[in-house]
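> The structure's right below; bear with me while I get my questions together.
The values are calculated or read from the model by the stated rules, or taken from the named source; none is laboratory data. Just so we're clear, the structure is a prediction, and the values are computed from it rather than from any experiment. Cβ: placed from backbone, ideal geometry, glycine included. Neighbour counts: every protein chain shown.
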Amino acid sequence: MNENRKEYRINYGGREVVLETGRMAKQADGSVLVSSEGTQVLVTVCSARKMKDGQDFFPLLVEYTEKFYAAGKFLGGFRKREGRPTDQETLNARLIDRPLRPLFPEGYMFDTVVSCTTLSYGENGDPEVLAGLGASAALSISDIPFEGPIGTCKVGRINGQYVLNPTHSQWEESDMEIAVAASTDAILMVEGEANLVPEKEVLEAIFFGHDNIKEFVELVKKMQAEVGKPKREFVSAAPNKTLLEQVRTQFGADARAAISIVDKMERQAATRALEDKVAEAMKASPENFGLTADDSFGKEAYKGVDELMYELLRGDILDEEKRIGGRALNQVRQIETETNILATPHGSSLFTRGETQVMAAVTIGGGSGEQMADRITGITYDRFYLHYNFPPYSVGEARGVRGVGRRELGHGNLAERALKAAFPTAEEFPYTTRVVCEVMESNGSSSMGSVCSGSMAMMDAGVPLKAPVAGIAMGLVTDGDRFKILTDILGDEDHLGDMDFKVAGSKDGISAIQMDIKITGLTREIVEKSMEQAREGRLHILGEMEKTIASQREEFKEGVPRIHTFKIDQDKIGALIGPGGKNIKALQENFEVTMEVAEDGTVKVLGVDTPRINECIALAKMQITGPEVGSVYDATVVTIKEYGAFVDIVPGVSGLVHISEIADDRVNDVSEYLAEGDKVKIKVLEVDRMGRLKFSIKAAGKIEKKQS
C-alpha cells in the first residue's frame with residue numbers, strides 16, 4: 001500500500017467525485033487523478049525553474065487529451081494511434097486555460113504546462129469537467145505560485161430544473177449548456193450556449209454553478225493544507241518604476257496625442273513612432289531610465305509605452321467616461337450591412353461594424369456534407385457547422401497563413417454555437433449547411449461580427465432561421481472600487497481592459513455567451529449589469545441588420561440543390577438500392593440527382609432541377625410499390641412474342657400484354673400492331689399472386705394496325 005496516496009471525496013451535483021494524489025506521476029510538480037462514475041482524468045502540472053532570456057509574457061500551455069482506450073474503442077480511419085489534438089480537445093484545453101491564466105502572479109514568466117489525460121470514460125462522468133477540477137487541484141497542491149483554488153462545472157436545464165454536470169445522455173434534453181469557472185468570491189470564466197433563453201435565466205444558471213463550485217473550492221483548500229507543497233519563491237519580472245516614471249514625465253503628451261487618434265492604423269503608426277522616440281531617448285541616456293547599455297531598448301520602450309497607454313485609457317474611462325473616438329460607454333460603432341455580394345455561393349453577406357468587417361459565405365447540400373466527429377463519447381454528425389478564418393491581412397500584417405490556430409477554432413466555435421440555436425430542425429429543413437466567415441478587417445470582436453454576418457448570409461441563402469441572431473463584445477475597466485462597462489469594445493480596449501464578455505442571441509434571448517476575466521474575478525453585480533447592457537447593444541445591431549434583410553429568401557438561388565423526401569418501408573430499402581447498388585446508381589445517373597437512404601426508410605433526393613427530381617421519385621416509388629390496378633401508364637414495348645408483348649412502364653417494372661388485349665379486332669400477328677421500342681399506353685388489369693403484371697392496350701385506348 002502506497003502511504004503517500006491520499007483521497008478526497010465530494011458529492012458534486014449528486015455524483016461522487018474523488019481527488020487522488022500521491023500514487024501516479026509523482027515526479028510532476030503536482031499530480032491529481034480525478035474520478036467520477038467510471039471516468040478518470042489524470043492532471044499533471046510542471047513549471048520550469050529557469051526563465052528564458054528576454055521572456056516578456058507568461059508561457060502557459062494547457063493540453064487536454066482523450067485516449068480512445070479510455071472508452072474501449074479503436075480510432076476510426078487508417079491510423080489507429082492518437083495524433084494531433086482534435087478540434088474538441090483544443091477547445092476544451094482553451095476552456096481550462098482561460099480561468100487559470102489570470103491567477104498566476106504578475107511577473108511569473110516561467111514555462112508552465114498543465115496536462116490533462118482522460119484514462120477511462122464512463123458516460124455518466126464528464127471528462128471535460130473533471131479535467132478542469134483536476135487542473136485547479138494539481139496547481140493548488142504544487143509549489144507553483146497560483147492564486148487559487150478555483151472550481152469548474154457545467155450547468156444544464158432539464159424540464160425547467162438546473163442540473164449540475166449532466167450526463168452524456170441528459171444533454172439531449174437540456175435547453176442550455178453553460179460552463180462556469182469561479183473562486184469562492186468571484187466568477188472567472190463563463191462559456192456556453194442556450195436555445196434563445198432570456199438573460200435572467202442564463203444568469204440564474206451561472207449563479208447556480210457558482211454556488212456549487214464554492215463547496216469544491218473548500219475541499220481543495222483542505223487538500224492544499226494537508227498535502228500541498230510550500231510555494232516556490234521566484235524573482236518577479238516586475239516593471240521598472242524608474243522607466244515608467246521617465247516615460248510618463250517625458251512622453252505623456254505624445255502618448256495622449258496617439259491615444260486620441262480614432263483610426264486604428266493611424267493610431268498604431270503613431271504609437272510605433274512614439275516607441276521609436278522612447279527607444280532613442282533610452283539609447284542616449286539608459287541610466288535615466290534605470291537601464292544599462294546591454295538592455296533591449298526597443299522591448300523596454302514597448303513595455304513603457306504600453307503601460308502609459310494603459311494608465312491613460314483606464315483613467316479616461318473611469319474618471320471622465322471618455323473612450324477612444326469620443327464614443328459613449330454604451331454606444332455601438334457605425335454598422336453597414338450587405339447581402340448577396342458573391343455570384344456563385346448559395347448565400348453571402350458583408351457585415352461591417354466600425355473597423356471590424358466579416359464576410360460570410362453559405363453552402364447548402366445533402367448528407368454527404370455533414371461534419372463527422374469521432375470522440376470517445378461516440379461518433380456524431382453535424383448538419384450545421386461554421387468555419388472562421390482570420391487572415392493576417394485583416395490586421396495589416398505581412399505574413400502568410402499557417403493553418404488554423406487555437407484562437408480561430410475558439411472564435412469559430414463561439415460563432416457556431418451562437419447560430420446553431422436558430423438553425424431549423426431536420427424536419428423543417430433537411431439540408432446540411434456550412435458557413436464560412438472570412439475576417440476582412442479586425443478591430444474588436446470579429447467572432448461577434450461573424451455571428452451577424454453568418455446570420456444574414458444564411459437568410460440570403462434561404463435558410464429558415466428561427467430568428468435573426470447578432471452578437472456583441474463588452475469590456476470592463478475597474479480599479480477595485482469603481483467599474484465601467486463598455487459596449488462594442490475596440491482591440492485596444494480589450495488589450496488594456498479587464499474583461500472580454502461576448503453575448504449573442506436573438507431579440508428574445510441568448511444563444512451563446514463567453515466571458516474572459518483578466519483580473520481575479522467578477523462580482524455578480526458586474527455580471528448582471530454587463531448582461532443588460534449587452535442586450536441593449538444586441539437589439540441595436542439586430543435593428544441595423546433588419547434594414548438589409550429581415551427574413552430568409554422565399555426561394556433558393558438558381559443552382560442551389562433542392563431536397564425532396566419520401567418514405568418507404570424498411571424492408572423495401574434493399575429493393576430500392578438493388579444488387580450492388582445497381583438500381584439506385586442508375587436512378588442517380590439517369591436523373592442527375594443524389595439519393596440518400598436512411599435506416600428508417602426516409603429517402604432524400606437532391607438535385608437542381610425540380611421536375612427531374614419529381615420524375616425520379618415517381619419512378620423510385622413505382623419500382624418499390626408497383627403500379628396500381630386500373631391505372632393507365634405510358635410504356636415501352638421491349639419484347640415481341642407469339643402470344644403477346646412484354647412492355648416496361650419503367651425500367652424494372654414490366655408486364656405482359658396478351659395478344660387478346662392488344663386491339664378490339666382479332667389479332668393474329670402481334671407484329672402487325674407492335675414493334676420493339678414502340679411507345680404505348682397500357683392499363684393495369686391484374687397483379688397475380690406471383691407478383692406478375694398483366695396489362696391491356698385496348699382498355700387504355702385504340703391502337704391502329706401498322707401499314708404493311
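> Ala281 passes all but one of (1) in contact with an Asp or Glu (Cβ under 9 Å, 6 or more places away or on another chain); (2) assigned to a helix (DSSP H, G or I); (3) aliphatic (A, V, I, L, M); which number fails?
Unmet condition: (1).
> Of all residues in the stretch 464-517, how many are in contact with a strand residue (DSSP E or B) (Cβ under 7 Å, 6 or more places away or on another chain) and in a helix (DSSP H, G or I)?
Number of matching residues: 2.
> With the condition kept exactly as written, say whether any residue in the stretch 518-530 is among the aliphatic types (A, V, I, L, M), touching a Pro at 6+ places or on another chain (Cβ under 9 Å), in the same structural domain as Thr344 (by TED's automatic domain parsing) and assigned to a strand (DSSP E or B).
No, the stretch 518-530 contains no residue that is among the aliphatic types (A, V, I, L, M), touching a Pro at 6+ places or on another chain (Cβ under 9 Å), in the same structural domain as Thr344 (by TED's automatic domain parsing) and assigned to a strand (DSSP E or B).
> For Glu427, are the conditions met, namely being surrounded by fewer than 15 Cβ atoms within 10 Å (Cβ to Cβ) and not in a strand (DSSP E or B)?
Yes.
> Does at least one position in the stretch 213-225 carry a residue that is among the aliphatic types (A, V, I, L, M), surrounded by fewer than 15 Cβ atoms within 10 Å (Cβ to Cβ) and out of contact with any helix residue (DSSP H, G or I) (no Cβ under 9 Å at 6 or more places or on another chain)?
Yes; the residues of the stretch 213-225 include at least one that is among the aliphatic types (A, V, I, L, M), surrounded by fewer than 15 Cβ atoms within 10 Å (Cβ to Cβ) and out of contact with any helix residue (DSSP H, G or I) (no Cβ under 9 Å at 6 or more places or on another chain).
> Now for a different question. Specify the residue that is surrounded by the most Cβ atoms within 10 Å (Cβ to Cβ); the eligible residues are those in the stretch 167-180 that are in contact with a helix residue (DSSP H, G or I) (Cβ under 8 Å, 6 or more places away or on another chain) and in contact (Cβ under 8 Å) with a residue 24 or more places away in the chain.
Val180
> Could you tell me which of the residues Val235, Val305 is part of a loop (DSSP other than H, G, I, E, B) and of a type outside the set (Phe, Trp, Tyr)?
Of the residues listed, the single one that is part of a loop (DSSP other than H, G, I, E, B) and of a type outside the set (Phe, Trp, Tyr) is Val235.
> Give Val395, Val435 a once-over and let me know the one that is touching an Asp or Glu at 6+ places or on another chain (Cβ under 9 Å) and over 29 Å from Pro561 (Cβ atoms).
Of Val395, Val435, the one residue that is touching an Asp or Glu at 6+ places or on another chain (Cβ under 9 Å) and over 29 Å from Pro561 (Cβ atoms) is Val395.
> Quick check: is even one residue across the stretch 591-612 surrounded by fewer than 19 Cβ atoms within 10 Å (Cβ to Cβ), under 30 Å from Glu672 (Cα atoms) and free of Cβ contacts under 8 Å to residues at least 12 places away in the same chain?
Within the stretch 591-612, not a single residue is surrounded by fewer than 19 Cβ atoms within 10 Å (Cβ to Cβ), under 30 Å from Glu672 (Cα atoms) and free of Cβ contacts under 8 Å to residues at least 12 places away in the same chain.
> Another one. Looking at (1) buried (at least 18 other Cβ atoms within 10 Å of the Cβ); (2) in contact (Cβ under 8 Å) with a residue 60 or more places away in the chain, which is the only condition Ala25 fails?
In the conditions (1) buried (at least 18 other Cβ atoms within 10 Å of the Cβ); (2) in contact (Cβ under 8 Å) with a residue 60 or more places away in the chain, Ala25 misses (2) alone.
> Is at least one residue of the stretch 618-626 surrounded by fewer than 19 Cβ atoms within 10 Å (Cβ to Cβ), basic (Lys, Arg) and within 21 Å of Gly578 (Cβ to Cβ)?
Within the stretch 618-626, one or more residues are surrounded by fewer than 19 Cβ atoms within 10 Å (Cβ to Cβ), basic (Lys, Arg) and within 21 Å of Gly578 (Cβ to Cβ).
> Keeping to the stretch 35-72, report how many residues are in contact (Cβ under 8 Å) with a residue 60 or more places away in the chain, touching a Phe, Trp or Tyr at 6+ places or on another chain (Cβ under 9 Å) and either in a loop (DSSP other than H, G, I, E, B) or not assigned by TED's automatic domain parsing to the domain that holds Gly134 (or both).
Residues that pass the stated criteria total 8.
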